[in-house]
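Read the structure below first, then the notes.
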Amino acid sequence: MPLYRDEAIVLRTTDLGEADRIVTLLTRGHGKVRAVAKGVRRTLSRFGARLEPFSRVDAQFAEGRSLDIVTQAVGLAPYGEPLAAAYARFASGSALAELAARLTESEPTPAQFVLLGSALGSLARQEHDPTITFDSYALRAVSIAGWSPSLDACARCGAGGEFPARSVAAGGVVCDDCRTPDV
């Protein structure tokens, strides 16, 4: 079984059997990874607390057939406790993790990893309102994924000028000529 090591952020966990857990992580160099953490639900677990959602870890994985196996995890930044202390921060953190999971796949996305780590850190340090942090993260993450909205030209015709309306269906701002009644 080949081993590899990578920095990761825990996105979500799912219980598996009596003592194991499936952990979904966003890694710096391998993209989104689903791995089994064996024995983490036992009280004497070596790294169970390090593999909780919103934790930033340095993890070692063994490649498996369908799921990799977490063999080691060292905590780098445990964001879980400060986020769980307030509902608004927890809700924003959960939405960040869900959006990151939806936007990334198994190919490496270092920019998404850095952006998610910065957003979770900002939430944990209470630097900004949680909704502002989420909105900022969502716009940047979608842009990195290749779906940035058109904000400097009409999304339908490409004309410049004044933009009185925004259209989600069109993909950005629209001019008066392209504006539909529903916008």
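The values are calculated or read from the model by the stated rules, or taken from the named source; none is laboratory data. Since we're looking at a predicted model, the values are computed, not measured. Cβ atoms come from the backbone with ideal geometry, glycine included; neighbour counts cover every protein chain shown. Side chains are part of the model used for accessible areas, which takes the heavy atoms of the whole protein and leaves out ligands, DNA and RNA. Shrake-Rupley method; radii C 1.70, N 1.55, O 1.52, S 1.80 Å.
If you take the charge dipole of segment 17-111 about its Cα centre, with +1 on Lys and Arg Cβ and -1 on Asp and Glu Cβ, which of Ser106, Gly93, Ala19 is farthest toward its positive end?
Going by the charge dipole, the pick is Ala19.
Give me the percent relative contact order of the chain, please, defined on Cα pairs under 8 angstrom at least 6 residues apart.
Taking the mean separation of contacting Cα pairs over the length of the chain, I get 17 percent.
What's the local net charge at Gly39, with K and R +1, D and E -1, over the other residues with C-beta under 11 Å away?
Neighbourhood net charge equals +3.
Give me the dipole magnitude in Debye, nearest 20, for the chain about the Cα centre, with unit charges on the beta carbon: positive for Lys and Arg, negative for Asp and Glu.
For the chain, the charge dipole is close to 660 debye.
When the convex hull of the C-alpha atoms of segment 39-98 is computed, what volume per residue in Å³ does it have?
Each residue corresponds to 102 Å³ of Cα convex hull volume.
When only Cα pairs under 8 Å and 6 or more residues apart are kept, what is the percent relative contact order across segment 1-52?
29 percent
Taking the solvent-accessible surface of protein heavy atoms with a 1.4 Å probe, what is the per residue accessible area of the chain in Å²?
56 Å²
First obtain the Kirkwood hydrodynamic radius of segment 1-110 from its Cα pairs, then insert it into the Stokes-Einstein equation at 37 °C and 0.692 mPa s, and state the resulting D in µm² per second as a whole number.
The estimated diffusion coefficient comes to 235 µm²/s.
Sorted by average packing, counted as other Cβ atoms within 10 angstrom per residue and highest first, what order do 118-127, 141-150 take?
118-127, 141-150
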